[in-house]
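Bear in mind that the values in this text are calculations on the coordinates, not laboratory data. From a predicted model like this one, the values you see are computed outputs, not experimental measurements. A quick note on method: Cβ atoms are made from the backbone with ideal geometry, for glycine too, and the neighbour counts reach across all protein chains shown.
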Amino acid sequence: MFTGIIENMSKVVSIEQENTNYHFTLENELAKELKIDQSFAHDGCCLTVVKVDYDKCQYVVTAMKETMDKTNLSTWKVGTEINVERSMKMDGRFDGHIVQGHVDQTAKCVKVVDENGSWRYFFEYDTQNNNITVPKGSITVNGVSLTVVDSEGGLFSVSIIPFTYQVTNFHSFKEGSIVNIEFDVFGKYVQRLLELHFQSQK
C-alpha cells in the first residue's frame, strides 16, 4: 500500500531481458535501506526488490510480461528517471490517498500549459475498461497522488506546483509522453457495484 507521495527518483542503470521478463537495475540512495522481497513503487507500479548492491546504491526489480504490457515500463531506457515510493508505514501520516501500486492502464500526455507559477497537464486515456475520473477526485499519475482538475470522457487534467515539478519526473513530460495511471480505488468499487446492480435489473 502506498500514498502517492514520491520520495525521490531512481535512475535506470541497465536493462536485461530474460525470456519474457525484464530485470531493471536502478540507482538510488534509498537502496541502502532496501531489502530483498520489499515492495517498491516505480512510477506507481509496485515491483519487488530482488537484489541489492549496497556499495553501489543499486538494486534490481523484475517485471513480467503482464506488467510490461499494461504499464509504461516498456518505454524505460538507461538513464530514465523514475518516481519511487516505499510502502507506507502504519504509524505515519497519510498525506496522499490510498494507492495500491496496481497500474490500471497508461495514458498519453496531450498538452502541457505553463500557468506562470504552476503547470497544467492534460492526459488522454482509453475508456474501453470503463475507468473514469471526476473533477476534484483522486488520480495517480506515475505514482504521484493528484487531484483531478477537469474531467471529460477519456480526458483529464491535473495541476502541478513547482515542488512536485522539480522532485518528480513531471518535469520531463511533454506531448506524447506515456504515463502510468491508477484510478481511485473507492471509485472503482462504486463503479463495479453499479454495474452489477444494473446487470441484475435486466
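Past 24 Å, Cα to Cα: identify those pairs from 70/188; 108/202; 65/174; 70/111; 51/89, in the order given. Intermediate values should be presented prior to the final figure.
On the way: 70/188 18 Å; 108/202 36 Å; 65/174 26 Å; 70/111 22 Å; 51/89 22 Å.
As for pairs spanning more than 24 Å Cα to Cα, those are 108/202; 65/174.
In debye to the nearest 20, how big a dipole does region 105-200 give about its Cα centre with +1 on each Lys and Arg Cβ and -1 on each Asp and Glu Cβ?
Values: 7 positive and 10 negative charges, 25 e Å.
Once rounded to the nearest 20, the dipole reads 120 debye.
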For region 105-200, with equal point scatterers placed on the C-alpha atoms only and solvent neglected, what are the log10 I(q)/I(0) values from the Debye formula at q = 0.12 1/Å, to two decimals? -0.38
If the only charges are +1 at each Lys and Arg Cβ and -1 at each Asp and Glu Cβ, what is the size of the charge dipole of the chain around the Cα centre, to the nearest 20 debye? 220 debye
If R0 = 22 Å, then residue 37 and residue 64, at their Cβ-Cβ distance, give a FRET efficiency to the nearest 0.05 of 0.85
Let me know the Kirkwood hydrodynamic radius for region 63-116, please, with Cα pairs as the basis and the value in Å to one decimal. 14.5 Å
22 Å tail of the calculated P(r), region 12-90, as % of Cα pairs: 15 percent
If I compute Cα Rg over 2.2 N^0.38 Å from the structure I just sent, which labelled value in [x] 1.21; [y] 1.29; [z] 1.04 lines up? [z]
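Given only helices, namely DSSP H runs of n ≥ 4 each adding -39500 (n - 2.57), what is the per-residue ellipticity at 222 nm of the chain, to the nearest 500 deg cm²/dmol?
The per-residue figure over the chain is -4000 deg cm²/dmol.
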Note: residue 120 to residue 75 extended length (0.36 nm per residue) minus current alpha-carbon separation gives 13.9 nm
Let me know the charge dipole size of region 8-86 about its Cα centre in debye, to the nearest 20, where only the beta-carbon of Lys, Arg (+1) and Asp, Glu (-1) is charged. 20 debye
Treating cross-link reach as a plain straight distance, find the lysines whose alpha-carbon is under 16 Å from the alpha-carbon of residue 56, omitting any fewer than eight places away in the same chain. 11, 32, 35
Residue (of 61, 193, 134) at the positive-pole extreme of the chain, dipole from beta-carbon charges: 193
